[in-house]
1. If only one of 99, 95, 144, 104 is loosely packed, with under 15 Cβ neighbours inside 10 Å, touching a residue at least 40 places away in the same chain (Cβ under 8 Å) and either out of contact with any strand residue (DSSP E or B) (no Cβ under 6 Å at 6 or more places or on another chain) or outside the structural domain of residue 174 (by TED's automatic domain parsing) (or both), which one is it?
2. Among the residues of the stretch 178-203, write down those that are under 20 Å from residue 100 (Cβ atoms) and at pLDDT below 75.
3. Would you confirm whether any residue within the stretch 110-132 is at pLDDT 90 or above, polar (S, T, N, Q), within 21 Å of residue 93 (Cβ to Cβ) and surrounded by fewer than 17 Cβ atoms within 10 Å (Cβ to Cβ)?
4. Looking at 175, 161, which one is surrounded by 10 or more Cβ atoms within 10 Å (Cβ to Cβ), under 37 Å from the mean Cα position of the chain (by Cα) and at pLDDT 85 or above?
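The values are calculated or read from the model by the stated rules, or taken from the named source; none is laboratory data. What you are looking at is a predicted structure, and each value in this text was computed from that prediction instead of being measured. Cβ: placed from backbone, ideal geometry, glycine included. Neighbour counts: every protein chain shown.
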Amino acid sequence: MSATLLLTAFLLSVTPGHAQTAVSDSVTLSAESARALQTALGDVQRTLESQAEDTSGPSSPRTGMDRTQVINVLFLVLALSLVFESAMSVLFDWRLFIRYFEGRGVKTPLIITVAFLVFLNYDLDIVAELLRGFPEIQAQNIGRPTLPGQLLTALLIAGGSGGVFRIFTRLGIRSPEERDRKARNERASMKEGTEKPSSDADS
């Protein structure tokens, strides 16, 4: 680029036809000098454009992280965890569920199964969506949702639902002690109901 500018200055200095008037200090260029200047400026512009294409061409890979994509995925995980905790609490607060299944390790497998069926129906794979937020991984052609990704998503939502439950417990919205008390009362009443007819039959 500097060589082109020097060439332009040289052409302007040696090209005949520019005349300097005695009245003023202005310089008048001939048509030939104007064409030479225009050609030189065009060369400079083309040189700059080629340098810009070399520095930011499509061959240079993207690096870093798409923060918007990652934040959206994390917000989706939080929202789905909150939705699943609120929806499954209707079943978990059911009297029959408290009587037969409370405290027996049924909740977690049930949440995982329901979440997996929902994600399978809607083709939702949060793991794939999260990986799309990293451009350097996009070269591996992350495509449609996969069963392992959807299963991992179900486990992730089940864990998030448990975290939401613990937060609700600390805020006083959920009370595990109250649920345990209800479960003991329900099982005691069920036991009394089964023992009473047998005692009547013995008498």
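1. Sole residue among the options that is loosely packed, with under 15 Cβ neighbours inside 10 Å, touching a residue at least 40 places away in the same chain (Cβ under 8 Å) and either out of contact with any strand residue (DSSP E or B) (no Cβ under 6 Å at 6 or more places or on another chain) or outside the structural domain of residue 174 (by TED's automatic domain parsing) (or both): 95.
2. Correct list: 193, 194, 195, 196, 197.
3. Yes; the residues of the stretch 110-132 include at least one that is at pLDDT 90 or above, polar (S, T, N, Q), within 21 Å of residue 93 (Cβ to Cβ) and surrounded by fewer than 17 Cβ atoms within 10 Å (Cβ to Cβ).
4. Matching residue, one of 175, 161: 161.
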